[in-house]
1. Report the one residue of ILE146, ILE131, ILE100 whose Cα lies farthest in the direction of the positive end of the charge dipole of segment 69-167 (charges on C-beta: Lys and Arg +1, Asp and Glu -1; origin at the Cα centre).
2. For ARG82 and ASN28, what is the calculated FRET efficiency with R₀ set at 22 Å and r taken between the beta-carbons, to the nearest 0.05?
3. Please turn the phi angles of segment 63-80 into ³J(HN,Hα) values with the Karplus equation 6.51 cos²θ - 1.76 cosθ + 1.60 (θ = phi - 60°), one per residue in order, whole Hz, x for glycine and proline.
4. Share of segment 97-137's accessible area from carbon and sulfur, percent, 1.4 Å?
5. Which ³J(HN,Hα) values, rounded to whole Hz and listed in residue order, are derived for segment 85-100 from phi using the Karplus coefficients 6.51, -1.76 and 1.60 in 6.51 cos²θ - 1.76 cosθ + 1.60 with θ = phi - 60°, glycine and proline given as x?
6. Please compute the per residue accessible area over segment 58-105 with all protein chains in place, 1.4 Å probe, rounded to a whole number of Å².
Amino acid sequence: MDLEARSLPPNVKSSLLVKLREYKSDLNNFKTEVKRITSGNLNATARDELLEAGMADTLTASADQRSRLMMSTDHLGRTTDRIKDSRRTILETEELGVSILQDLHGQRQSLLRAHETLHGVDDNVGKSKKILTTMTRRMNRNKWTIGAIITVLVLAIIFILYFKLTR
């Protein structure tokens, strides 16, 4: 209740804090009286006196005190309900957060696998490029070699024909 009163606007807050202090002092007085009554050290006459005094006090209690007590009880009940709702909301939020974190973890793992696959593909593309470059060089070398062999054979044929025809 103290937190609720402190969060209200200043014009309402001061009167509520004064009432709250009164309620707290009344509560402490009731607690001390209950402790005295329930203690086993009292004799029967003292107990009877306390009970009679309590009955007299109860009968003479003002309507204002009763209404304040009822308002405090209602306010305490509403505050308890709000706390329960807050706890329920916190638990739901925590469950949602855990679910989101699990989803994010799964997505991270998927991204890491995709990254590893991409690096593997990149390595394979690099190897393929090297193989194709090597094949192109060999093909050009083979063309030059075949061209040279053909030129040598054509020259040899021409040379042989020249000697056969000239003799």
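1. ILE146
2. 0.35
3. 5, 5, 5, 5, 5, 5, 5, 5, 5, 5, 5, 4, 5, 5, x, 5, 5, 4
4. Values: 2340 of 3710 Å².
On segment 97-137, the fraction of accessible area on carbon and sulfur atoms equals 63 percent.
5. 4, 5, 4, 4, 5, 4, 5, 5, 5, 5, 4, 5, x, 5, 4, 5
6. 87 Å²
The values are calculated or read from the model by the stated rules, or taken from the named source; none is laboratory data. Keep in mind that what you see is a predicted model, and the values were worked out from it rather than measured. FYI the Cβ positions are ideal-geometry reconstructions off the backbone, even for glycines, and counts take in every protein chain you see. We work out accessible area using only protein heavy atoms, side chains counted, and drop any ligands, DNA or RNA first. Shrake-Rupley method; radii C 1.70, N 1.55, O 1.52, S 1.80 Å.
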